[in-house]
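Derivation of every value follows stated rules applied to the coordinates shown; laboratory data play no part. Since this is a predicted model, take the numbers as computed values, not measurements. FYI the Cβ positions are ideal-geometry reconstructions off the backbone, even for glycines, and counts take in every protein chain you see.
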C-alpha cells in the first residue's frame, strides 16, 4: 500500500506542477475533480486534498441513462462529459428511448443522434 501511495503522490505532484506551469492553478480555487479509473482508488481524493492544499472530489458522469451501472463510474466521467459537451455544441438534444422499444427502434434513435439534422 505504501508503494501505491508513493506513486499516487508522485503523479499528483507531477500533474499539479504542470497545472502551475501552464498557469491554470489560479482557476482551481473551487477545487480539482479527479476522473478516470484511478479516481476510484479509496482515499485518493483525501490524499490529493492534503498534498495540494485545495478541495478535491471524485467526478461521476451525470445524466447517464440505460447503462448507468456500467458508465456511471469515474472511469467514464471524462468521456461522457466530452460527449455531452459535444452534443450541446452541435445543438443536439438527448432523446430518451422509450421503455419497451424494439432493438431496431433503439438503433434508429441512436443513429438519429449521430446524423446532423
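Computed FRET efficiency, Cβ-Cβ of residue 7 and residue 104, R0 35 Å: what is it to the nearest 0.05?
That gives a FRET efficiency of 0.15.
Can you tell me the Rg and Dmax of region 1-66, counting just the alpha carbons, in angstroms?
Looking at region 1-66, its Cα Rg and Dmax stand at 12.9, 41 Å.
Restricting everything to alpha-carbon atoms, can you work out Rg to Rh for the chain with a Kirkwood hydrodynamic radius?
1.10
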